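Here the structure comes first, spelled out in structure tokens, and everything after it is commentary.
What follows draws every value from the coordinates through simple rules; no lab data is involved. Note that this is a predicted model, so its numbers are computed, not measured. Cβ: placed from backbone, ideal geometry, glycine included. Neighbour counts: every protein chain shown.
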Amino acid sequence: MYSNNPEMIRAEVNKIFVDLFELDEQQLQPESHLFNDLGLDSLDAIDMAIRFQREFQVKPSGEDIKNVQTMADIYSLVERYMPQLKSS
Amino acid sequence: MMDRSEKRIRVAITGIGILSPLGLSKADLLAGVRANRSGIRLMPEWENPSLGINTRVAAIVSDFSEQSIDRKLRRTMSRVAMLSMLATREAIADSGLSQAELQTERSGISYGSSFGGTSTIEDYFRGYQRNGVLSEGVVSTTFLKVMPHTCAANIAISFGIPGRIVASCVACASSTQAIGYGYEAIKLGVADRMICGGAEELTPTVAAIFDVLNATSTSFHANPQSTPRPFDASRDGIVVGEGAGTFILENLELARARGAKIYAEVCGFYTNNDATHMTNPSVEGLSTCMQGALDDACLKPEQIDYINAHAAGTAAGDRAESLAIANIFGTETPVSSMKGHVGHLMGAAGAIELAACMGMIEDQLLYPTLNLQNASPDQGDIRHLIGQAEPARVGTIVKNSFAFGGVNASLVIRSIKDA
């Protein structure tokens, strides 16, 4: 369904963030901190995990979610789950 | 009965905020009621046979801006909580209370609705129907949108109000009871100010609930604004609707000390239940409720200038209420219902109708029951207000709200000049 191309994954993740959290795409830099820079919180983190599960058909572990701090962490988390993703 | 000379904490109304089918502010509501205008509209989208709804008329709040609410606040709100938040924003601004005055343990919230977020529940079940997976439509905020106290909790978070929360979720009496409980909290000295009121969001499910009970209006689709017809011989049921009404109540002495504008005093409240039937109102229960509110206000029936009836336009409800009013007040006290103007706004009804009463005190005019032309002969002999607004001394008002479940609530309001 999704390509394992990192650029495409990044674009898909950004699209989800813009839609779910009403952020401007320009705010979504790899170093952007989810809580400190983007203003997200624990409820948002749960909805992010639910959305990833629905969009990418993967379920990150609770430990993985806890370790996510920045957008770069998100991109690498999704990439790490890439073997589970279907290629387009 | 308490003697009036006994020292008791008195309660002032210092702020009002309204979203109604007549517009997005208290000023819009009053302008509509003063012009004797109806907020009822046709619902062509309910023609869809898959909905199976007979009624085609409703009272909708149009064009309010969800985006004016910050995302982090909005994410836990269904439409009902958004309406309540926006009405409260107007009420707080109207009251002139500062953040510092509001954000103390002495400020609380008493707010209700018939349901939590019905649109959220409908969305969830649409997803479940599609996917057959129970957890499919659930997100972190699903419960926060559908919980019965969603309005009260979202108001608390939105405005940083840390005192008590009372969620008066008693269907169509929710907001009148909420104002009553807010009044009691201040009178008891456990709060200095209470944000009170109620809200409702309208979905096809809500219409279907009343439709199946044969309680909705279905005969006036060709001329939607001629229904509902409270007390009228040709009434045929309620027009379901939505909205929100917020009242800021304050300890009267504190309100005066800060130089607040005071609309009126809440001086009496009573609530009870019929304990006889879930949907058939009891004349005895309603009579006891109004008498209880008068006793609390230390007023006699002949001291009341006007009664704002619940009267929604159903035969059973209008009949029981008019008989109860005749029991307590006789045939001379003027009576009208605002539901001809705004429909039945369920959990928001009492607060929005009470806001219209504030206009009557300000104008010294009694607004009539819109669409009442010929009072039905099968009901109590009371003095109806028909046609145009009537100049009158409007100093004391009884406001009624009644609900399925046999719940009754009555408030007594007194103009500050009469206090």
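Summary table below
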item: Lysines whose Cα lies under 16 Å from that of A:LYS59, excluding same-chain neighbours fewer than 8 positions away; result: A:LYS86
item: 222 nm mean residue ellipticity, helices alone, for chain B (DSSP H n ≥ 4; -39,500 (n - 2.57); rounded to 500); result: -10000 deg cm²/dmol
item: Cα-based convex hull, chain B, per residue volume (Å³, whole number); result: 131
item: Residue of B:GLU136, B:GLU284, B:GLU321 that the Gaussian network model of chain B assigns the largest fluctuation, springs spanning Cα pairs under 10 Å; result: B:GLU136
item: Estimated inter-spin distance, A:ASP41 and B:ASN214, nm [label 7 Å along Cα→Cβ]; result: 5.0
item: Label-to-label distance, nm, for residues given as B:THR276 and B:ASN48 (7 Å Cα→Cβ offset); result: 4.1
item: Within a Gaussian network of chain A (alpha carbon springs, distance under 10 Å), most fluctuating of A:ILE16, A:ILE46, A:ILE65; result: A:ILE46
item: At R0 = 25 Å, FRET efficiency that the Cβ-Cβ distance of B:GLN364 and B:ALA35 yields, to 0.05; result: 0.90
item: For segment A:1-59: span of alpha carbons on each principal axis (Å, largest first); result: 31, 22, 17
item: Positive-end residue, chain B charge dipole about Cα centroid, Cβ charges, pick of B:ILE397, B:HIS341, B:MET77; result: B:MET77
item: Choice from B:ASN400, B:ASN223, B:ASN371 showing the highest fluctuation, given a GNM over chain B with Cα pairs closer than 10 Å; result: B:ASN223
item: For residues of A:41-50, the mean tally of beta carbons on other chains within 10 Å; result: 3
item: In nm, spacing of pseudo-spin labels at B:THR205 and B:ARG130 (7 Å Cα→C-beta vector); result: 1.6
item: Listed pairs B:LYS187/B:LYS339; B:LYS26/B:LYS399; B:LYS261/B:LYS339; B:LYS26/B:LYS339; B:LYS300/B:LYS399 exceeding 25 Å between Cα atoms; result: B:LYS187/B:LYS339; B:LYS261/B:LYS339
